[in-house]
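K.L.:
Submitted below is the structure of interest, expressed as C-alpha cells.
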Amino acid sequence: MQGRAARLKRRRRNLVREDSPSLAPDPAAVALEEDALSGAGGAPVEPRSGGCAARQAVDASVRAAAAASARAACEDSSAGRLGGVGLADFANNQGEPMAKTKKPRSSAPDPPAGAAHLPWHHPPAPPVSTALLISLAALLLRVLVSVGPYSGQGVAPKFGDYEAQRHWMELTLHLPSSDWYRNTSANDLAYWGLDYPPLSAYQSRLHGLLLNASLPDAVALRSSRGFESPESKLLMRWTVLSSDLMVFFPAALWFVWVYFKCGVGGTGEEGMSGWTWLLASCLINPCLVLIDHGHFQYNCISLGLTLGAIAGVLSGNELVAAALFSLSINHKQMSLYFAPAFFGHLLGKCIKRKYPIVEVMKLGFVVLGTFALVWWPFLHSYEAAMQVISRLAPFERGIYEDYVANFWCSTSVLIKWKRLFAIKLLKLMSLSATILAFLPSLVQQVRSPSNLGFLYSLLNSSISFYLFSYQVHEKSILLPLLPASLLALQEPHLYGWLMYFGLFSMYPLICRDHLLLQYIAVLGLFVLIYYSPGGSSKKGVSIPSGAKAVLSLALLCSLLLKVLYLQIEPPKRYPFLFDALIMFICFSQFVILTLYTNYKQWMLNSHSRSVGRKKDL
C-alpha cells in the first residue's frame, strides 16, 4: 500500500506541474492526501474486505486534490492577467492558511522607441524598404530636373558641356585611342578636346556605343557637331541617370551602412538615429543634381567612386578603397582634391601597425596596378603618355575661369594676378598656397588617424584645393560638398550653410543655363529635408548671437542679390558687378567654414586625450 501511495503522490504532483509549472504544491492538498492514505495515527491502512471502498475514497481524495490545484493555478494565472489579486489573497478571504506563492516571472522589457524606427541590432543595416523609398525619391528628382534645358542648348557654335560630352562619345567611338588626346584632322582639340583621364574616355566610348546603336546620327564623325534632337537629349540624359544608379547610389548606401556599423556617429540608440536623414543628404544633393542632370556632366561617377573609397576606408577594406580612389582620379583629375586626406589617413594607420613598410607597399602596389591597367593603351611610348598628361593640366587657360568664389578670383579685384605674374610663377604660388592650406589637416591624420577625423580631413583638403589651386571652375564646389554631406549628422549647421552658399556660388551658371525653376524647386526640397522632424538641423554646436547676426546678414544679402541679378541690369562699366558680389559673399563664407572645420579636426586630438586620461584614472 505504501508503494501505491507514493505513486499516487507523484501523480498528484505531476498534475500540478502540468497545470502551473511556477506554482508550489498546496500544503492543504498534501494533508488531504496523507489523511486519505494513512490512519488516524498515521499508520498505513491495512487491506480489508472493504478494500474497494477504501480505494474509491483514496481515488476521490486524489481527484479532489488535483482539482483544487488546477483551480489554484487558474486563479493565479487570472490574477497575473488582471494585474493584482493573487491566490494568497483569495485563501485569506476564506479564512484558510495558505503557503506563500512564488513571485510571477517579469516579462522582457519592451524595446526602446527608437527600435521601431531602426529594427537592426548587428550589423546595423537600414531597412531595405525605407532605403528604397529614399532612393526612388532621389531618382525621381533627377528625372524631373533632366526634363529641363541643358548647358549651351541651341547656342552655337560651341554650345556647352552637353555638346562636349557628346563630342567625346563621337571621338572615342570612331578614332583609335592613340588619337583621342592628339590634335589631328579628325580631332580638333580647339573644339572641345578631350581633357579628362583615360577612364572618362572609356566611359564616353561605352555611352557612344549605346547612342550609336539607337541613334547613329547623334555620334557620326564630323557631321554630328552640334547635333540636337529630343531623341538624343533623352538618350544622353539616360546615360547620366544610369551612371548615377550604378555608381553613386550603391556607394551612398554602402557608406550609410558602414557609418552606423562602425559607429562613426556614435554608439547606441542615439548613434544609430538619423540614418534616413543622412541617406537623403547624400542622395539628394542639390548642387550635384543640378550640375549632372541639369547642366549635364558625369560627376556622379568620380564622386561615386570616391564615396565608395571612403566607405572602404571606414570599413577596413583599405585595398579596395585604394583601387576605387585610383579609379576616381582616373575618371576626373579633380578627385586629387581628396588625395591628401586619403594619404594622411592611410599612412597614419600603416605607421601604427606591426609591419608599416609592408602595409604601405601593399597600398602602393594596388594604386600602381590600377593606374597601369587604366593607362595601358598609352604606355607604349613616353610621348603618348605625356600627350595625355598635357591635356589634363591646361595651364594656358589661366589661374581661374569665370567668377569662381576662390582666393585668386576674389582678390583679383585688388591684385591683377594674370597681368602681374607669369604662368610659371602663378603655378608655384598656387601650389605653395594649396599645400599650406591642407597641411595641418594632413598632419593631424598622420599623427592620430580616426574615422571621424578622416571625414573632416576630406572636407579640409578639398576646400583647400578649391580656394587656392590652379584652374578652378565654379562646379568644383561639388567636391567639398561631398564630405560636408557625409558630416551632416555631426555638423548639421556646417552642412546646411556650405550647401546653400555652394549652390548660390553657381547661381550665375544656373541662370545662363535657364535652370532657375529647377534651382528653386531643388532648393525648396533641400530646405524641407533639412528642417524635417527626423533631421538633425537643431543639433550641433550652439551659435553665439553675434555670429548669428553676421550669418543672417550674409543670408539676406544672398537673397537680395538673387532678385537683383534677375531684375536689374548692371552698369555698362561693370557688366559683371553682380557676379563679383556673389563671388565675394560666397568666398567669405567658405573661408569662415574652412577655419572652423580645421579647428574641429584638431580638437579631435584634445578630445581623445581627455578620454584617455579619464580611462587611466
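The values are calculated or read from the model by the stated rules, or taken from the named source; none is laboratory data. Predicted, not measured: the structure shown is a model, and the values here were computed from it. With ideal geometry, Cβ positions are generated from the backbone for all residues, glycine too; neighbour counts draw on all protein chains shown. Calculation scope for accessible area: heavy atoms of the full protein, side chains included, ligands and nucleic acids excluded. Shrake-Rupley method; radii C 1.70, N 1.55, O 1.52, S 1.80 Å.
K.L.:
Within the accessible area of the range 128-610, what % is carbon and sulfur when the probe is 1.4 Å and the other protein chains stay in place? The partial results should precede the final answer.
P.N.:
Working: 14560 of 20900 Å².
That fraction is 70 percent.
K.L.:
For the range 280-345, count all C-alpha to C-alpha pairs, find those more than 20 Å apart, and express that count as a whole percent of the total. Walk me through the numbers before you get to the answer.
P.N.:
Numbers: 651 of 2145 pairs.
Beyond 20 Å sits 30 percent of the P(r) for the range 280-345.
K.L.:
Here is a follow-up. Using the basic label-point model (7 angstrom from Cα toward the beta carbon), what is the LEU379 to CYS557 distance in nanometres?
P.N.:
Going by the 7 Å Cα→Cβ label model, 5.1 nm.
K.L.:
Over all directions, what mean area does the Cα convex hull of the range 128-610 project, stated in square nanometres?
P.N.:
Numbers: hull surface 97.2 nm².
With the hull built on Cα positions only, its mean projection is 24.3 nm².
K.L.:
For the range 114-264, what does the accessible surface come to per residue with a 1.4 Å probe? Please give it in Å². Walk me through the numbers on the way to the answer.
P.N.:
Values: 6640 Å² over 151 residues.
On a per-residue basis, 44 Å².
K.L.:
Moving to a separate point now. Any idea of the accessible area per residue across the range 287-366, 1.4 Å probe, to the nearest Å²?
P.N.:
Numbers: 2500 Å² over 80 residues.
Result: 31 Å² of accessible area for each residue.
K.L.:
If you don't mind, another one. With unit charges on the beta carbon (Lys/Arg positive, Asp/Glu negative), name the residue among LEU481, PHE465, SER448 whose Cα is farthest towards the positive pole of the charge dipole of the range 413-484.
P.N.:
Result: PHE465, furthest along the dipole toward the positive end.
K.L.:
Can I ask one more? Could you put LYS352, LYS261 in order of accessible surface area, largest first, with the 1.4 Å probe and the full protein assembly present?
P.N.:
On the way: LYS352 130, LYS261 90 Å².
These residues rank, largest area first, as LYS352, LYS261.
K.L.:
Between THR130 and LEU525, what is the label-to-label distance in nm when each label sits 7 Å out along the Cα-to-Cβ direction?
P.N.:
So the two model labels end up 2.1 nm from each other.
K.L.:
Where the centroid of each part is defined by its Cα atoms, how far is the range 354-416 from the range 186-246 in Å?
P.N.:
24
K.L.:
Could you tell me what fraction of 2.2 N^0.38 Å the Cα radius of gyration of the range 264-383 comes to, as a two-decimal ratio?
P.N.:
Values: Rg = 17.2 Å, N = 120, 2.2 N^0.38 = 13.6 Å.
Compactness ratio reported: 1.27.
K.L.:
Let me ask something else. Taking a point 7 angstrom from the Cα of ARG397 along the C-beta vector, which residues in the range 453-471 have backbone N less than 14 Å away?
P.N.:
Answer for the range 453-471: 469-471.
K.L.:
Then there's this: Would you please classify the overall shape of the range 151-263 from the alpha carbon gyration tensor, given that a ≥ b ≥ c denote the square roots of the eigenvalues, rounded means a/c under 1.5, and beyond that prolate means a/b larger than b/c while oblate covers the rest?
P.N.:
Working: a/c = 2.33, a/b = 1.80, b/c = 1.30.
The shape class here is prolate.
K.L.:
Here is a further query. Could you put GLU491, GLU228 in order of accessible surface area, largest first, with the 1.4 Å probe and the full protein assembly present? Write down the numbers at each step before the final one.
P.N.:
Working: GLU491 5, GLU228 70 Å².
From most accessible down to least: GLU228, GLU491.
K.L.:
Expressed in nm to one decimal, what extension gain is obtained for the pair LYS572 and ALA549 from 0.36 nm per residue of sequence separation less their Cα-Cα distance? All intermediate terms of the calculation are to be shown ahead of the outcome.
P.N.:
Details: separation 23, 0.36 × 23 = 8.28 nm, distance 3.37 nm.
So the extension gain works out to 4.9 nm.
K.L.:
Separate question: Can you compute 3J(HN,Hα) from phi for each residue in the range 331-336, using the Karplus curve 6.51 cos²θ - 1.76 cosθ + 1.60 with θ = phi - 60°, rounded to whole Hz and x for Gly and Pro?
P.N.:
Listing the rounded values in order: 9, 9, 5, 5, 5, 4 Hz.
K.L.:
Residues of the range 438-479 with backbone nitrogen within less than 20 Å of a virtual label 7 Å along the Cα-to-Cβ line of VAL360, please, listed as ranges.
P.N.:
439-450, by backbone N distance to the label point.
K.L.:
Determine the order of PHE395, PHE338 by accessible area, beginning with the largest, at a probe radius of 1.4 Å.
P.N.:
Descending order: PHE395, PHE338.
K.L.:
Pull out the extension gain between ALA156 and THR184, defined as 0.36 nm times the separation in residues minus the alpha carbon to alpha carbon distance; nm, one decimal.
P.N.:
Details: separation 28, 0.36 × 28 = 10.08 nm, distance 2.25 nm.
Length gained between ALA156 and THR184: 7.8 nm.
K.L.:
What does the highest-first list of 514-524, 375-385 look like by mean Cβ count within 10 Å?
P.N.:
On the way: 514-524: 17.2, 375-385: 13.0.
Listed from highest to lowest mean packing, they are 514-524, 375-385.
K.L.:
What figure, in Å² to the nearest 10, do you get for the accessible area of SER243 with a 1.4 Å probe and non-protein molecules left out?
P.N.:
Here the accessible area works out near 10 Å².
K.L.:
Once both labels are modelled 7 Å past Cα along the beta-carbon direction, what's the PHE421-HIS514 spacing in nm?
P.N.:
4.0
K.L.:
Please calculate the 1.4 Å probe accessible area of HIS493, with all protein chains present, and give it to the nearest 10 Å².
P.N.:
That residue has around 60 Å² of solvent-accessible surface.
K.L.:
Okay, moving on. Heads up, I need the accessible area for LEU561: 1.4 angstrom probe, whole protein in place, Å², nearest 10.
P.N.:
10
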